[in-house]
Amino acid sequence: MNNQVWINGNFAGERPYGYIPFSFDIKKHLVKGRNIISVRVDNSMEPSARWYHGCGIYGNVSLRSHKNAFFEKDGIFITTPSKDKVCVNAKVISAEKSANYLAKPEIFDKAGKCKAQSETLEFSTNNNNAEINFNLKIKKAELWSPENPNLYTSRITLTDRNNNIIETKSIDFGFRYIEWSPNKGFILNGKQYKLRGVCEHMEGGPSLEPLQQNNSSDGKLNFLKIWDVMPSERLTTLICLFSIKFAMSLECSLWTKYSTDGTKKQTLTMDSRLSTIGMRET
């Protein structure tokens, strides 16, 4: 499943292995007036996986426009090293090699009440890039659990030196702590849980139909293991909202086809390995 993107007949880029999200900067190919964006999915190199996966464009596709500065795609990370501490890491890209900007993060609870905020940070880009960090404290944070999938929202605002808003990004996250015990097994927030789950590929299939179709959990499933391929952002968001603990094992191979003379012809997939457990902090 190799993907190619064309803008007004001009080749913009390609991405092997269709399960991985990707993006391209297309501004140099744009023209005034009408533009044509074409995406080609090539699945002719079957078999390209160990199971039948179909082919087509069924993931979300979006067009992002930016001003002179913006947050890097997937460049904001939220971590909760303790039950009352939030760490925000953000990467900023600027059209100017060196420019000054302001950034301020705020934390909101599910009712929309501001629970924490940081002082506005003034920073400068270096070679069109900047990385900024914030540490915030929340008093008596509510923990995420299957019984109470409580999430907070981190909102970070990027402005110029005149306080004109350039971009605002909001990311949901939760607090929880995990332990493993030889006698009690899996422990979440100090409570023992019996894991009732399935191992699935891609979007989860019929095991997660209540989540996919109704945006709700039927209560029978509290653990999901995604195998071999990256899950969609929609699926991991629903997992966080509807009380399902999450683990992922990704083990994919880089397959390269060679012609009869030994020269490299085409790369089919990418090599990646990832293993994690717990709720994804989106």
Q | Test result for R161, at pLDDT 80 or above, touching a strand residue (DSSP E or B) at 6+ places or on another chain (Cβ under 7 Å) and assigned to a loop (DSSP other than H, G, I, E, B) | A | yes
**Q.** Members of region 160-170 that are touching a residue at least 40 places away in the same chain (Cβ under 8 Å) and surrounded by fewer than 18 Cβ atoms within 10 Å (Cβ to Cβ)
**A.** D160, R161, N163, E167, K169
**Q.** Test set (1) surrounded by 12 or more Cβ atoms within 10 Å (Cβ to Cβ); (2) without any contact (Cβ under 8 Å) to a residue 40 or more places away in the chain; (3) not in a loop (DSSP other than H, G, I, E, B) - Y101 fails condition number
**A.** (2)
Q: Could you tell me whether any residue of region 15-37 is modelled with pLDDT of 90 or more and in contact with an Asp or Glu (Cβ under 7 Å, 6 or more places away or on another chain)?
A: no
Q: Could you pull out the residue among S23, S62 that is touching a strand residue (DSSP E or B) at 6+ places or on another chain (Cβ under 8 Å) and either closer than 22 Å to T168 by Cα or not acidic (D, E) (or both)?
A: S23
Q. Restricting the search to region 3-46, which residues are polar (S, T, N, Q) and within 21 Å of G75 (Cα to Cα)?
A. S23
Q) In region 170-223, what residues are at pLDDT 65 or above, in contact with a Ser or Thr (Cβ under 8 Å, 6 or more places away or on another chain) and either charged (D, E, K, R) or at positive phi (or both)? A) D172, R176, N189, K191, E200
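The values are calculated or read from the model by the stated rules, or taken from the named source; none is laboratory data. All values derive from a computational prediction rather than experimental measurement. Don't worry about glycine lacking a Cβ; one is built from the backbone with ideal geometry, like all the others, and counts go over all protein chains shown.
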